Amino acid sequence: MAARAGVSLRKAVNFMMNLGGLDLGIDLGTANTLVCVPGRGIVLMEPSVVAIKTGTSPPVVPLDGRAVGNEAKRMIERTPESIKTIRPLKDGVIADFEITGIMLRYFIKKVQRRSWGVRPRIVVSVPSGATAVEKEAVKDSAIRAGARKVYTVAEPKAGAVGAGLKISEPVGTMVVDIGGGTTEVAVLSLGEVVTLESFGIAGDEMDDAVITYVRDVYGLEIGHRTAEEVKIAIGSAYPLQEEVTYEIRGKDIAAGLPRKLEISSAEIREAISGPIHQIIDAAKSCLDRTPPELASDLINTGITLLGGGAITPGLAELVSEETGLEARVAEDPITAVARGTAILLESLDEYEEVLGD
Ligand code: ADP
Ligand code: MG
């Protein structure tokens, strides 16, 4: 009885505290950070990039501390020597605690402008490869940004919840989350990740593959922004009904002068096929390590693709063909993880055992 009263009281207090809709679900991604507020949806989506003045310690962020996210991404590959841009989570682990902290605090403050002094609870999804020390560093940053309680959750768990999968049942479900710096493949059951493949081949490697292709075939040097732009515009994993072309601009390696050219969707598909197949091989190896009862559940539940890379046209078809399982792209795959963190927040009491501390 007393325990139940305690739970009700806690629920009531949380309800009062959250009237302003202030609790935050955060997807701390290698390419993009998203903030989702329960009942309100996505309130922030910005690149996970920070610009700092070179040689400053502690780091000094230009533009009076505002060169974070969108402002910082505009500067990539366009900075003078006095400024450098950093993607603190690029390789999927929280490689740079200090810069990750600066970024997290900036984004939290940005969405908390009208907080009336109420401190939020925060659920942050972190790459599965994050160590206990890295998770502590994330929590510490969120507390310093004003959170009253912070939970971390493994990215595939949040993604599966955001994609609407029933992860708390004793039934296997599988997600493949293709981000910028990392791909996370997981089979879940009873709210836990059972088998996981987390590795550093994802969207960034597709961009690198486009850069290499254009250099080797056309002798044209292009930057990462252009490579990503053409990949998003015409990239695919499976032959398209109608192949298209796209104009790219770069620097002719021999002449050292700016030059533009038309490239076809078939060429971009060939360029990115290396990383695409590495991702599919990882999905197969995750399946191979999955216990038979759970693996057989996947004949019904299939594979759900999420993250920005999931938008690549034809990827679901290719995954289906290669695994023999039904593969589908989650609704709004880029925001699935962030929406999952908000759902976990809304039902914190119910999901308490699903979340790590
Ligand atoms: P992370 O979770 O690591 O921050 P995201 O899930 O936000 O990453 O995905 C970012 C990656 O998705 C980038 O490499 C980006 O180029 C890629 N991406 C975004 N849109 C598309 C698209 N339409 N087609 C293919 N790749 C895309
Ligand atoms: Mg992600």
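The values are calculated or read from the model by the stated rules, or taken from the named source; none is laboratory data. Predicted, not measured: the structure shown is a model, and the values here were computed from it. Because the Cβ atoms are built from the backbone with ideal geometry, glycine has one as well, and the counts that use them run over all protein chains shown. Calculation scope for accessible area: heavy atoms of the full protein, side chains included, ligands and nucleic acids excluded. Shrake-Rupley method; radii C 1.70, N 1.55, O 1.52, S 1.80 Å.
Here is how the numbers come out for the structure above:
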{"quantity": "Candidate set from segment 181-193 (those that are in contact with a Leu (Cβ under 8 Å, 6 or more places away or on another chain) and either among the polar types (S, T, N, Q) or modelled with pLDDT under 95 (or both)); member that is nearest to ligand 2 (Cβ to nearest atom)", "calculated": "Gly181"}
{"quantity": "Tally of residues being within 10 Å of ligand 1 (Cβ to nearest atom) and part of a strand (DSSP E or B) across segment 167-186", "calculated": "4"}
{"quantity": "Segment 130-143: number of residues that are out of contact with any strand residue (DSSP E or B) (no Cβ under 8 Å at 6 or more places or on another chain) and either outside any loop (DSSP other than H, G, I, E, B) or on the phi > 0 side of the Ramachandran plot (or both)", "calculated": "6"}
{"quantity": "Test: residue in segment 195-206 that is more than 16 Å from ligand 2 (Cβ to nearest atom) and surrounded by fewer than 14 Cβ atoms within 10 Å (Cβ to Cβ)", "calculated": "no"}
{"quantity": "Segment 140-162, subset among the hydroxyl-bearing types (Ser, Thr, Tyr) and under 29 Å from Glu331 (Cβ atoms), residue nearest to ligand 2 (Cβ to nearest atom)", "calculated": "Thr152"}
{"quantity": "Qualifying positions in segment 208-222 - open to solvent by less than 30 Å² (accessible area, probe 1.4 Å) and either charged (D, E, K, R) or touching a strand residue (DSSP E or B) at 6+ places or on another chain (Cβ under 6 Å) (or both)", "calculated": "Val214, Leu220, Ile222"}
{"quantity": "Segment 285-310: number of residues that are under 21 Å from the mean Cα position of the chain (by Cα) and either within 16 Å of ligand 2 (Cβ to nearest atom) or among the basic types (Lys, Arg) (or both)", "calculated": "7"}
{"quantity": "Test for Ile178: is it in contact with a Pro (Cβ under 7 Å, 6 or more places away or on another chain) and either crowded, with 20+ Cβ neighbours inside 10 Å or at pLDDT 95 or above (or both)", "calculated": "no"}
{"quantity": "Scope segment 118-143; condition closer than 23 Å to Leu44 by Cβ, of a type in the set (Asp, Glu) and either open to solvent by 60 Å² or more (accessible area, probe 1.4 Å) or in contact with a Ser or Thr (Cβ under 6 Å, 6 or more places away or on another chain) (or both); matching residues", "calculated": "Asp140"}
{"quantity": "Candidates Glu326, Glu317, filtered to the one that is away from ligand 1 (no atom under 12 Å from the Cβ) and without any contact (Cβ under 8 Å) to a residue 60 or more places away in the chain", "calculated": "Glu326"}
{"quantity": "Selected residue [surrounded by fewer than 24 Cβ atoms within 10 Å (Cβ to Cβ) and outside any loop (DSSP other than H, G, I, E, B)] from Gly146, Gly101, Gly164, Gly159", "calculated": "Gly101"}
{"quantity": "Segment 223-242, subset small (Gly, Ala, Ser) and open to solvent by 20 Å² or more (accessible area, probe 1.4 Å), residue nearest to ligand 2 (Cβ to nearest atom)", "calculated": "Ala233"}
{"quantity": "Hits in segment 331-349 (condition: in contact with an Asp or Glu (Cβ under 7 Å, 6 or more places away or on another chain), modelled with pLDDT of 95 or more and not small (Gly, Ala, Ser))", "calculated": "Val337, Thr341"}
{"quantity": "Matching residues, segment 246-268, being exposed (fewer than 15 other Cβ atoms within 10 Å of the Cβ) and closer than 20 Å to Gly309 by Cα", "calculated": "Ser264"}
{"quantity": "Any hit, segment 128-139, residues being under 20 Å from Arg289 (Cα atoms), β-branched (Val, Ile, Thr) and within 16 Å of ligand 2 (Cβ to nearest atom)", "calculated": "no"}
{"quantity": "Answer residue from segment 62-72, given it is away from ligand 1 (no atom under 16 Å from the Cβ) and within 14 Å of Phe107 (Cα to Cα) and is surrounded by the most Cβ atoms within 10 Å (Cβ to Cβ) among those", "calculated": "Ala67"}
{"quantity": "Filtered residues of segment 187-207 (kept if within 16 Å of ligand 1 (Cβ to nearest atom) and polar (S, T, N, Q))", "calculated": "Ser198"}
{"quantity": "Residue match in segment 76-94 (condition: in a helix (DSSP H, G or I) and in contact with a Lys or Arg (Cβ under 9 Å, 6 or more places away or on another chain))", "calculated": "no"}
{"quantity": "Neighbours by Cβ (under 6 Å, 6+ apart or cross-chain): first from segment 211-235, near ligand 1 (Cβ under 10 Å from one of its atoms); second of a type in the set (Ser, Thr, Tyr)", "calculated": "Ala233/Tyr246; Ile234/Tyr246; Ile234/Ser265; Gly235/Thr312"}
{"quantity": "Breaking point among (1) within 16 Å of ligand 2 (Cβ to nearest atom); (2) open to solvent by 10 Å² or more (accessible area, probe 1.4 Å); (3) at pLDDT 90 or above, for Ile26", "calculated": "(2)"}
